[in-house]
Structures are given as structure tokens and as C-alpha cells.
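Some notes on the structure that comes next.
Any read-out appearing in this document is the output of simple, stated calculations on the displayed coordinates, not a laboratory observation. Given the structure is predicted, the values throughout are model-derived calculations rather than measurements. Backbone-built Cβ (ideal geometry, glycine too); neighbour counts: all protein chains shown.
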Amino acid sequence: MKGRLYLLDTSALVNIVRGNDLGKFIQQTYDLLNPATRALISVVSHGELWAMAARRNWQKNKRQAVEQILGAIVTIDLNAGEIITAYVEVDKLSQTVAKGARTLSKNDLWIAATAKASNAALLTTDQDFLFLHPHYLFVEYVDPRSKLAIPTLGNQPKAQ
């Protein structure tokens, strides 16, 4: 899994910040804090993490963990034509999923668009993005129950 470019979804980042077993598994498996690993974060995840910290009244140690992870991984801003184009494409794709539209939050649309425009695999612990794989975007789904990375090889659960 090393040598691949990853864009981390907020769900993966939250587990890393919490320092729980899943976060440790993700960080170690993907070697995310190693400068040789190519990891990215959408600026949208900054907002999501800080909003969560405020809502849940995170203490100083957890806020410092947020600062550390956000400072250690390259952040991608949204001000690029490729990201805006990809946003439109992802939104359109989400409306054409078999068996009805797949609703993504606006933040998830931006995160998926950033991964697409960056040519990065989207590393996530939720299944929201699986309908995009493999035809539009490579999604690396880490099942929180098993802590097993499931790179999409056409055997992911179908979008519902």
C-alpha cells in the first residue's frame, strides 16, 4: 500500500486523532506520517474536524492531535478548476446510481472531487464513496469492524 497517493476522508482522520485501534491501524498500515508516503487532506476535512472538536468540546490533548495531523499532511484547497469540474461530475454520478440516487453530503462531494482531481485513492472508513469505485475513483475502504483494508477490486458492496 506504500507508494500510492492517498486523500484521507474525515472519517479516517477522526480515528487517527482519537488514537483508537482503528486510527492506529490506519496510520501504521498506510504509514501516513512518514514523509515518503504521499498523503493528502482536503481543506474541507479541516473544517469538519474543527467543527467536531467544538461540538464535542474536545480537550487540549485531542485538539493538539488535530493540529499535528493537519500540519503533517499536505492540504489541498478547493480553488482549482479540476476540483470544481470533478465536483460537478461526482454530483452528477451520484444522481445516476443504479436503484436510485446516492446522496452525498456537500462536504463528501468536495472530498471525492479533491481525490479525483489529485489522482489520489480515497482512504475512508465509511461506505459513502463505494459507488464511485472503480470506474470513477479508487476507494480504499477500511472496514471499522474488521480493520481490514478492502481495496476495491470490483467486489465492494453495491451502492444502494
- Query: Quick one: Karplus J couplings for the range 43-53, per residue in order, coefficients 6.51, -1.76, 1.60, θ = phi - 60°, nearest Hz, x for Gly and Pro?
  - Reply: 4, 4, 5, 4, x, 4, 5, 5, 5, 5, 4
- Message: Restricting to DSSP H runs of at least four residues, report the calculated mean residue ellipticity at 222 nm for the chain, -39500 (n - 2.57) per run over all residues, nearest 500 deg cm²/dmol.
- Response: -14000 deg cm²/dmol
- With a 10 Å Cβ neighbour count serving as the proxy for reagent exposure, in which order, fewest first, do I83, I76 appear? I83, I76
- Query: What list of ³J(HN,Hα) couplings, whole Hz, do you get for the range 64-77 from phi and the Karplus terms 6.51, -1.76, 1.60, once you set θ to phi - 60° and write x for glycine and proline?
  - Reply: 5, 5, 4, 4, 5, 5, 5, x, 8, 10, 4, 9, 9, 7
- Query: Anyone know which of V90, V139, V74 comes out most mobile in the 10 Å Cα GNM of the chain?
  - Reply: V74
- Message: Report the gain in length on full extension from N107 to T85: 0.36 nm times residue separation, minus Cα-Cα distance, nm rounded to one decimal.
- Response: 6.4 nm
- Sorted by chain and number, the residues with a modelled amide H under 5 Å from that of S42, at a separation of 5 or more or across chains, are L8, I76
- Quick calc, L78 & T37: beta-carbon distance into FRET formula, R0 25 Å, rounding 0.05, result 0.60
- Message: Apply the a/c threshold of 1.5 to the C-alpha gyration tensor of the range 5-151 and tell me whether it is rounded, prolate or oblate.
- Response: prolate
- Message: Quick check for me: using +1 on Lys/Arg Cβ and -1 on Asp/Glu Cβ, what's the dipole size of the chain about its Cα centre, in debye to the nearest 20?
- Response: 400 debye
- Note on the structure: Length-normalised contact order of the range 5-151, Cα under 8 Å, at least 6 apart, in percent, tallies to 26 percent
- Pseudo-spin-label distance R63 to A51, built 7 Å along Cα→Cβ, given in nm, is 1.9 nm
- Note on the structure: With 0.36 nm assigned to each residue of separation and the Cα-Cα distance removed, D126 to D143 gains 5.4 nm
- If you take the square roots of the eigenvalues of the alpha-carbon gyration tensor of the range 55-106 and sort them as a ≥ b ≥ c, do you get rounded (a/c under 1.5), prolate (a/b over b/c) or oblate? oblate
